[in-house]
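One structure below.
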Amino acid sequence: MDIRAEIQSHASQPLTHQLLLSLLKEYKRPNDKLHALLKDNVLEAIKKGLYIAGPALKAGKPEPFLLANHILGPSYVSMDTALSHYGLIPERVYEISSMTTKASRQFDTPMGIFSYTRLPLPYYAFGIRQLKLSDNQYALVASPGKALFDKVVTTAGLLFRSKKEVTDYLIDNLRMDEDNLKSLDLKAMAEWLSDAPKKDSLQMMIKTITTL
């Protein structure tokens, strides 16, 4: 078996330790072979137990959103990363931000910085969609409304007591477009309120958007 060709054929996906051991089952010491592949840049470590095809193969890479789902699970991409992906904020985002039910963590990897912020259940589970990134790559990503909610919920000290505070934040601070805000699924967002942190602030945000 040509192990390089096998790894290259899986290059669009994150490679788990378990998957690699199955590909290396013909070797007497598969872990030793794995370390040799890392040394030869055939594999590149993302974190302990998770790898991608290395630079020696000149192969494709998993999409960052898909990688984010695998670095820490359960998780989904959200906040500025999702808002930028949907074109709701003008800034290009370099850090991949995700939500998780586990403790908040950050991973500095060869593919960039991946941060994870803890959310409580059942609020965590609302507004998650599966996005097709390429022919064989899919990732869990917040809907536009959930990404905005998550940003408000997890930003320390951010509370809305008036419509002016909401418009100042959304339009002046985040530089969001009014038409894009009005296109959000406000009905779905309202259904999440009863289980959401910062319920009053989120409710004020929905009321403000309906009057734009």
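Structure notes:
- Within straight-line cross-link reach of K61, aspartates and glutamates at Cα separation under 14 Å, skipping those fewer than 8 residues along the same chain: E44, D135
- Mean separation of Cα pairs under 8 Å and 6 or more residues apart, divided by the residue count, gives region 112-189 a relative contact order of 21 percent.
- Helix 199-210 axis versus longest C-alpha principal axis of the chain: approximately 70°, rounded to the nearest ten.
- Among A11, A156, A36: highest mean-square fluctuation, GNM of the chain, C-alpha pairs under 10 Å: A156
- Partners of K47 within straight-line reach, counting aspartates and glutamates whose Cα lies under 19 Å from its Cα and excluding those fewer than 8 residues away in the same chain: D32, E63, E95, D108.
- Here the chain carries DSSP beta bridges of which approximately 75% are antiparallel, counting only pairs with both residues inside.
- Multiplying the residue separation of Q8 and D200 by 0.36 nm and subtracting their alpha-carbon distance yields 64.1 nm.
- Rounded to the nearest 10 degrees, the inclination of helix 144-154 to the longest alpha-carbon principal axis of the chain is 80 degrees.
- Rounded to the nearest 10 degrees, the inclination of helix 30-39 to the longest alpha-carbon principal axis of the chain is 70 degrees.
- Unsatisfied cross-links (Cα-Cα over 26 Å) in the set K132/K207; K164/K198; K132/K163; K58/K102: K132/K207; K132/K163; K58/K102
- For the pair L159 and K102 in one chain, pulling the backbone fully straight at 0.36 nm per residue adds 18.1 nm over the alpha carbon distance.
- Centroid-to-centroid separation of region 137-211 and region 57-131 [C-alpha atoms, Å]: 18 Å
- Across region 64-210, Cα pairs under 8 Å and at least six residues apart give a relative contact order of 22 percent.
- Here's the list of aspartates and glutamates a cross-link from K199 could span, going by alpha-carbon distance under 14 Å and ignoring same-chain residues fewer than 8 apart: D150, E191.
Each reported figure results from applying straightforward, stated rules to the coordinates on display, with no laboratory input. Note that the coordinates shown come from a computational prediction; the quantities given were computed from them, not determined experimentally.
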